[in-house]
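Written out below as structure tokens is the structure these notes cover.
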Amino acid sequence: MKRPQAKDMLNICPILYFSLLNFILTSALSAESIWVEGEAADSHTFVKNGWYDDVMKESFSGKKWLSHYTKDRAGVAKYSFESKKSGSFVFWLRCNYFRSEMSYKLNRGSWKGLSIDDRDPNQVRDKMMVSKKPDHRFIGWVRVGSVKLKKGKNQIEIKISSKLANHGAIDCFCFSDEGFVPSGSTKPDLSKKKNPSAWFPVVVDQDTYSKKSVWDQTQALHRPAGKYGFLKRDGKDLKFEKQSPPIKFWGVGANIDARIDRKQQTLRVKYMAKLGLNMVREHPLAKFLGPLRNGKLDPARLDAYDWWFAELKKHGIYSTWSVFYRQKVSAADGYPRALLKELEKGNTYGVVNFSRKLQDLQMEYVKVLLDHKNPYTGLRYRDDPALAVLEIQNEDCIFFHFPLSVLAEGKTWPEHSRLLRKLFFKWSLKKHGSERKVRSFWGRRVDLAEKEIALYAAWELRGKKVERRHGEFVEFLTDIQRKFYLRREKEYRQAGFKGVTVTTAWRAGGAGADAANLYCDTAMDMIDRHNYFGGGAERHRIISGKVKNGTHLRRAGSGILSSGLYQVEDQPFAMTEWTQCPPNQWKAECAPLIAFYGMGLQGWDASYHFNSSRSRLGDGWPGLSYYTSDTPHYAGQFPALAIAVREGHIKEGKIVAARRVQPKDLFKGADVLGQDLTGGGHDEKSLVGQPLTPPEVLAIGRVTTSFKGGKSEKVDFTKYWDQKSGIIRSQTGELEWNTKKGIVLVKSPKTQAVIGFGGGEKIELPDFEIQLETKFVSLIFTSLDQQSLKSSKSVLITAMARDQQTGSEYSEDGSVLKVVGGPPLLLEPVQAKIKILGKKVLKVRPLDFHGVPRSTSIPIKKQILEIDGRFQAYHYHLTR
């Protein structure tokens, strides 16, 4: 007799089938566990200190901890607990791990010290600062190790004897088998029935790199990086010397972390390669390596970086160097003493743009680096094609508020301000031919006795109308900045660098100088920009309070995508820093929009999300930082997006708006491009006013600027943009953006998606019909075998909705984060019924967080797949 299959059971008794399915999903995770609260000690000698104990406890187990803080003596806490069985258990301790010295004694054993290495993510996880201001009060889970318990009553003593005031605290501890990985205050109770709408925890242990992972991109990368020769600019594209098709980079910022051992560093590299990341940006390299001493770099630091670079190269990951950010100099560098004393701690940010001495010091540093022979590759950096991109400096140009407004004010850097005023006079004298003409043009702004002309602040260069003096001042700044860049380009080549060059990624402080700043950037190979969106009450860190909870989806081309208006017609374009910052609730929209509209339709060449620092997904909102790639909304979507970018799933559009000007047009004092992108602070650059080329055009096709003259051109936007319905269709026919509903549809043969506020909508894609229940989603279908989705035998489904920490609370409209909460991260499940068109589906299986298929298939009936929270997954694998 034929053995019944799961699909047969579905036909016989659906209720029984789903009960069995739920049992299978939960039983595999069941674990014997014991949980003890830190404050539930039988007895203790801990001394509570009011200041030390005053921390944010909403994420604690039981909302309390047992703390100790006194110089007088160590503290000991004694606990007793019951175990239902004897055997080996993993001992996990949630405590203040930071600079804390602890030991324990189990039953009648001897005292054992805890060797806590918080740099090892496998030993300490869920790390979180709980003090209201930065100090030494943290909390995290410490994996103490394997211990043996006896059946029945057990006892444990925990001692805290830290050098710093014997400080320490215990939130809770747990004994469990190897099946449990702790996160936050979530106890290992996995017996609950999975609810289709229940948000599910994302708790990830170190990847074992199973060959069964469906989306592992490791083998798709160049191994080693550089195997096709040096990266070159080829018109508007990037190409390798020995490979004809253009190359695109889907990367991240990922600095060396020499605090962790090389085994852990290798795990970081493997993690990035698996996600399909083929480029990292080291920023700033000089900060890690330190200053030159007698023309040499610190040998230990240099060796550490050499190894990291070689490890990246071996795994197929190219490197971009952002060498300088706020470069520091000292008296030993020969910088004039009167000028040096004005620079706070020798910080040259801003003033380097007009100081030849500081520029030469930069180049001296880069020459030493490029000439250095990496012992792990056997190549000098100048001869290594794995070094793909070299940037002069990070976020630093003469046109921004800092330094320009500070120089104009003249009080912070009086000598530097005087120097620039004199340079301005000298330049103006050469332009006008006589002091009389200089005085006639500049009036009271000129001081003939001192041979100086007063400077304008960046904010004064608003560009709203033609201002001849503003225009001439912008021309002067352009001359200074562009000459620096052109000379540096020549110096890099003379030093032997053969890859792609970048100036900086910064902007002007006033719209009247913005186009001139972009023109300066054309002095090198690739245009680069940074942009950020979202965030909350603090500048860089998640705290309770106001949330910048906007979405890109209500206005096409807004927010981060507006940086595309800086694309130059015949040069490559990159975004080396971008992110939509938590606690913004809609941040899952960002990475797909960058991939499909930026890298795809607009033809951008390189994307670097900011920033990856781990060897796995982080815990909760990792580090409560705005800037992390290591979270599902980014890393979880990277495999699908890396494939789409690398394999060209989204067609590049034709130019639909070509803005062509000549350099002389930039010096009229007006905003020549009519696109004021200078508003906002560091963490959010928004579009100000109504530009001549609306940002919505970025959803139609390529938008470019050229400084070589010629006639500007644009297509009839109304052919693609129905302003009444709010629908904008791309010129390629593959993308559709509904600004009124806040929904983007992707309809290419090999990648299809719905992104946005589709709850309650029936979505029709070429190969899928979707009935969405979840309010907001990023639902992506990716062909893994490079066949069309209609016939592909291997399809990755990536399903994301909102996230939040356990215990997080938002106001009803999402504008306020009332409670930050703590790990584990919770993901809202995507609830959808998906009718799969095309060839008959064989199987759909949920994947674990490392891409490995789980043992159970999801039932398919009449080609309809139903996904929801029962599967606690955001990746699914469809096979035919």
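Taking every DSSP beta bridge that has both ends in the chain, the antiparallel portion is near 80%. Taking Cα centroids, how far is the stretch 75-102 from the stretch 546-608 in Å? About 46 Å separates the Cα centre of the stretch 75-102 from the one of the stretch 546-608. Short-range pairs are left out: with C-alpha atoms under 8 Å and at least six residues apart, the relative contact order of the stretch 46-85 is 49 percent. Protection proxy ranking of 255-264, 863-872, by the mean of other Cβ atoms within 10 Å over each peptide's residues and highest first, is 863-872, 255-264.
Peptide packing for 823-829, 727-733, 161-167 was compared via the average number of neighbouring C-beta atoms within 10 Å per residue; ordered from the highest value, the list is 823-829, 727-733, 161-167.
Seen from residue 242, the other residues with C-beta closer than 11 Å to its C-beta sum to a net charge of +2, counting Lys and Arg as +1 and Asp and Glu as -1. With the biggest extent put first, the Cα atoms of the chain measure 99, 73, 55 Å across the principal axes.
Ordering 632-644, 769-781, 124-136 by mean Cβ neighbour count within 10 Å, with the highest value first, yields 632-644, 769-781, 124-136.
Given the options 796, 823, 776, identify the residue whose Cα lies farthest towards the positive end of the charge dipole of the stretch 744-860 (+1 on Cβ of Lys, Arg; -1 on Cβ of Asp, Glu). Projecting each Cα onto the dipole axis, the largest value belongs to 796. Compared with the dominant principal axis of the Cα atoms in the chain, helix 14-27 is inclined by about 80°. Bridging of residue 668 to lysines at a Cα separation below 18 Å is possible for 431, 464, 465, 708, once same-chain residues fewer than 8 apart are set aside. Just going by the charge dipole of the chain, with Lys and Arg at +1 and Asp and Glu at -1 on Cβ, which of 599, 244, 381 is farthest out on the positive end? With unit charges placed on the Cβ atoms, the residue in question is 244.
Here the contact order of the chain, divided by its residue count and restricted to Cα pairs under 8 Å and six or more residues apart, works out to 12 percent. Rg over Rh for the stretch 825-868 works out to 1.00, both radii taken from alpha-carbon positions and Rh defined as the Kirkwood radius.
Rounded to the nearest 20, the Cβ-based charge dipole of the stretch 597-727 about its Cα centre (Lys and Arg +1, Asp and Glu -1) stands at 540 debye. A dipole drawn for the chain from +1 and -1 charges on Cβ atoms has a positive end, and of 324, 164, 748 the residue lying farthest that way is 748. A DSSP coil position with no more than 14 other Cβ atoms inside 10 Å describes the following GluC sites (Glu not before Pro) in the stretch 484-575: 538. Relative to the longest principal axis of the Cα atoms of the chain, helix 262-274 runs at roughly 80 degrees. The spread of Cα positions in the stretch 279-344, taken along each principal axis and listed from longest to shortest, comes to 49, 21, 13 Å. The distance linking the stretch 780-821 with the stretch 222-289 is 26 Å (Cα centroid to Cα centroid, whole angstrom). Projected onto planes of every orientation and averaged, the convex hull of the alpha-carbon atoms in the stretch 749-797 covers 3.0 nm². Charge tally around residue 721: other residues with Cβ under 13 Å, Lys/Arg +1 each, Asp/Glu -1 each, net +2.
What the Cα convex hull of the stretch 241-388 gives, in volume per residue, is 133 Å³. In a DSSP loop and with at most 16 other Cβ atoms within 10 Å, the chymotrypsin sites (Phe, Trp or Tyr not before Pro) in the stretch 85-152 are 111. For residue 320, the accessible area of its heavy atoms, probed at 1.4 Å with every protein chain present, is near 0 square angstrom.
A cut-off under 10 angstrom between Cβ atoms defines the neighbours of residue 742, and their net charge, with Lys, Arg +1 and Asp, Glu -1, is +3. Calculated [222 nm] ellipticity per residue, helices only, for the chain: -5500 deg cm²/dmol; basis is -39500 (n - 2.57) per DSSP H run with n ≥ 4, divided by all residues, nearest 500.
Given a 1.4 Å probe and the protein chains as shown, residue 577 ends up with an accessible area of around 10 Å².
The values are calculated or read from the model by the stated rules, or taken from the named source; none is laboratory data. The model shown is predicted, which means the values in this text are computed figures rather than measured ones. Backbone-built Cβ (ideal geometry, glycine too); neighbour counts: all protein chains shown. Only protein heavy atoms, including side chains, enter the accessible area calculation; ligands, DNA and RNA are left aside. Shrake-Rupley method; radii C 1.70, N 1.55, O 1.52, S 1.80 Å.
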